[in-house]
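Contents: one structure, followed by commentary.
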Amino acid sequence: MDYQIIPVTAFAQNCSLIWCEETKQAAVVDPGGDIEDLVAAAARHGVTIVKILLTHGHIDHAGGAAEMAQRLSIPIEGPQRGDEFWIRQLVEQARMFGFPGRVAPFTPDRWLEGGDTVSFGNVVLEVIHTPGHTPGHVVFFHRPSKLALVGDVLFAGSIGRTDFPGGNHGDLIRSIRAGLWPLGDDVAFIPGHGPMSTFGEERQSNPFVADGV
């Protein structure tokens, strides 16, 4: 599996284009907006986007999903059903944060649960339910390359906010320590914002979830 991180929207959200190197089939994780940029990136890499994957329902991660799905005639998979209320409120979220474009609510073609897998080409991603930032947040893990796409659960040196409706600090800490750390210290992760890091680095130095905290 190969990937490119493409920051989108005024929130500089880390949308990821990920693809199977053998079949050139691709998925877009968290298309918050700037759909033209995402389609252009796929064309540059010579890959075909066949599905959209969502970690959670916040506007900067899901705001462009309906438009992209309609434009490319592709399905949306994720997040977990606990984020249905966030997706229903996408238009209100867009208005509140001044998001441009054709933002619309939608029903994912497939709600995900922890233990599920999603696939495209020869790539299989494991789904981990990680509530806390939002109730229906999920993480996608590619075990062969030891890469996790963690949305807004964990950042380099920080963790996700829990002051939005449905957020829960205790759940978030448990999601990180029980859901992510067992995957291995050598796992690299793409967060929803900011630079990549590894679980091992965060266990050493993250002031919120380091082992010594």
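Read-outs: derived from the displayed coordinates by stated rules, not from any lab. Quick caveat, the model's predicted, so the values are computed rather than measured. A quick note on method: Cβ atoms are made from the backbone with ideal geometry, for glycine too, and the neighbour counts reach across all protein chains shown.
Considering only residues that are assigned to a helix (DSSP H, G or I), within 18 Å of the chain's Cα centre (by Cα) and farther than 15 Å from residue 140 by Cβ, which ones fall in region 174-208?
Selection gives 176, 181.
Which numbered condition trips up residue 117, out of (1) surrounded by fewer than 17 Cβ atoms within 10 Å (Cβ to Cβ); (2) under 22 Å from residue 164 (Cα atoms)?
The one condition residue 117 does not meet is (2).
Of the conditions (1) of a type outside the set (Lys, Arg); (2) in contact (Cβ under 8 Å) with a residue 60 or more places away in the chain; (3) touching a Ser or Thr at 6+ places or on another chain (Cβ under 8 Å); (4) more than 19 Å from residue 28 (Cβ to Cβ), residue 168 clears all except one; give me its number.
(2)
Any residue at all in region 42-53 that's of a type outside the set (Val, Ile, Thr), buried (at least 24 other Cβ atoms within 10 Å of the Cβ) and part of a loop (DSSP other than H, G, I, E, B)?
Looking through region 42-53, none of the residues is of a type outside the set (Val, Ile, Thr), buried (at least 24 other Cβ atoms within 10 Å of the Cβ) and part of a loop (DSSP other than H, G, I, E, B).
Give 39, 28 a once-over and let me know the one that is surrounded by fewer than 19 Cβ atoms within 10 Å (Cβ to Cβ), closer than 22 Å to residue 108 by Cα and either in contact with a His (Cβ under 6 Å, 6 or more places away or on another chain) or of a type in the set (A, V, I, L, M, F, W, C) (or both).
Of 39, 28, the one residue that is surrounded by fewer than 19 Cβ atoms within 10 Å (Cβ to Cβ), closer than 22 Å to residue 108 by Cα and either in contact with a His (Cβ under 6 Å, 6 or more places away or on another chain) or of a type in the set (A, V, I, L, M, F, W, C) (or both) is 39.
Collect the residues in region 1-25 that are surrounded by 17 or more Cβ atoms within 10 Å (Cβ to Cβ), aliphatic (A, V, I, L, M) and within 18 Å of residue 58 (Cα to Cα), keeping them in residue-number order.
Correct list: 6, 8.
If we keep just the residues of region 61-82 that are in contact (Cβ under 8 Å) with a residue 60 or more places away in the chain and touching a Gly at 6+ places or on another chain (Cβ under 8 Å), which is nearest to residue 32 (Cα to Cα)?
61
Please work out which residue is farthest from residue 26 (Cα to Cα), limiting yourself to region 88-131 and to residues that are among the aliphatic types (A, V, I, L, M), more than 14 Å from the chain's Cα centre (by Cα) and not in a loop (DSSP other than H, G, I, E, B).
For region 88-131, the residue satisfying everything is 96.
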